[in-house]
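Here is the structure we will look at.
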Amino acid sequence: MPTPTVFATWAPAPAHRYGDHSEGPHRLRGLQHLPRQEDGTVWLPADPAPVEALARVHDPRHIAYIEAIAPQGPAIIDYAPTYVTPTSYDDARRAAGGTLAVLDAVLRAPGSRGFAWVRPPGHHATRTQAMGFCLFNHVAVAAAHALAQGLEPVLIVDFDAHHGNGTQAIWRAEPRVAYFSTHQEGIYPGTGDFEDEPQARGRIVNVPLPAHTGDRGYARVIEQVLLPWARALAPAVVLVSAGFDAHWRDPLTQLGLSAQGFAHWAQALVALADETAQGRLAFVLEGGYDPQAVAESGLAVWEVLHGRAAPAGALGPAPYPEPEVADRVAYARRLHGIG
């Protein structure tokens, strides 16, 4: 098979940092070699997203608030704690803009793939509120952009360990956007139950998972819930909120994925996009707070996007047994009519 074209942006926001906060530029230090690596990737600039693009999913008052409050930083603006620094408004716009640049490139080149290596993350940001370390919701901005190009339905897949409450809330009433999330049950932000958004059953699918769910359990969810549901949906474009905090060594969560587990996610999503969306597939970085785990997991996904074998990673598989998830898989299938 021909080597796929991979488009990428790199926007690590080095000045968006707050003491020893978990969400800082150190998260990406193990991947800093990627933009210098001669592997055929097409690197794109992460220019600030136009305010008009942000306003498709955010209340203009929220955009103006982040612009006004950032110069007053460093400061905490949400109990998560979410923070701003004097550069944060521009950094968040660049994160959204880098995501749009990757998406536009993928849309112009069928069969290509992309990854926006950007921060701060975005999937907790709602239409009106910054929260969970997130200021603007980059994947939601990208989904709105895809709709504006006439592409529908848009599928957003979120494998961050935390539920993407902002993304779900933004698209809860939009029939052209579907949302699928796996996440650890019972942790921040407290949303993402199976029964969330009953008016959107079959379009918004949440699969909360118990602590220590790892490669085997995730594989079952991917193969028995995500893929049959998504194939029936037949998305025109697939967007991915790629949170690497589902790794077993993440300090903020208690899930059990390894680098190989994240590689399985990427393989499944590449196959899905190739089958239903002319290959239109774009990842955007969300969480992940252990730098080595982010590096190994991110590199595994990166290699899959390039059509290469994913390295296992030095950290290896989770060092504890997994819980059984068969009942959750069966319930999700019944709830959403997945045959």
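All of the numbers you see were taken from the coordinates with simple rules; none came from a lab. Bear in mind that the values here come from a model prediction, so they are computed numbers and not experimental data. Ideal geometry is used to build each Cβ from the backbone, glycine not excepted, and the neighbour counts take in all protein chains shown.
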Inset, instruction - Could you please rank 247, 212, 62, placing first whichever residue has the fewest other Cβ atoms within 10 Å of its Cβ? - result: 212, 62, 247
Legend entry - Estimated dipole of segment 87-196 in Debye, rounded to 20 [Cβ of Lys and Arg +1, of Asp and Glu -1, Cα centre]: 460
Legend entry - Intensity falloff of segment 182-339 expressed as log10 I(q)/I(0), Debye formula with alpha-carbon point scatterers, at q = 0.14 Å⁻¹: -0.70
Legend entry - Only Lys, Arg (+1) and Asp, Glu (-1) charged, at Cβ; the chain dipole about Cα centre in debye: 480
Inset, instruction - Among 327, 245, rank each residue by its count of other Cβ atoms within 10 Å, from fewest to most, as a rough exposure measure. - result: 327, 245
Inset, instruction - Give, in whole angstrom and from largest to smallest, the semi-axes √(5λ) of the equivalent ellipsoid of segment 197-270, with λ running over the eigenvalues of the Cα gyration tensor. - result: 23, 15, 11
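Multiply the residue separation of residue 314 and residue 172 by 0.36 nm, subtract the distance between their alpha-carbon atoms, and state the gained length in nm to one decimal. Please report the intermediate quantities before stating the final value.
Numbers: separation 142, 0.36 × 142 = 51.12 nm, distance 3.99 nm.
Full extension of this stretch gives 47.1 nm more.
Over all directions, the average projected area of the alpha-carbon convex hull for segment 238-309 comes to how many nm²? Don't skip to the end; give the middle numbers.
On the way: hull surface 17.3 nm².
Approximately 4.3 nm², given one-decimal rounding.
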Legend entry - Principal semi-axes in Å for segment 1-52 [√(5λ), Cα gyration tensor, largest first]: 26, 17, 8
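Thinking of segment 120-247 as a set of Cα atoms, what percent of all their pairs are more than 18 Å apart?
Pairs farther apart than 18 Å: 49 percent.
Order by neighbour count: 275, 286, 185, fewest other Cβ atoms within 10 Å first, most last.
With the sparsest Cβ surroundings first, the list reads 275, 185, 286.
Placing unit charges on C-beta atoms (Lys and Arg positive, Asp and Glu negative, everything else neutral), compute the dipole magnitude of segment 250-339 about its Cα centre in debye, rounded to 20.
For this selection, approximately 280 debye.
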Legend entry - Charge dipole of segment 6-335 about the Cα centre (unit charges at C-beta), most positive-ward option of 313, 57, 300: 57
Inset, instruction - Beyond 26 Å, what share of the Cα-Cα pairs of segment 6-335 is found? Please give it as a whole percent. - result: 40
Inset, instruction - Considering Cα pairs under 8 angstrom that are at least six residues apart, work out the relative contact order of segment 6-335 and quote it in whole percent. - result: 18
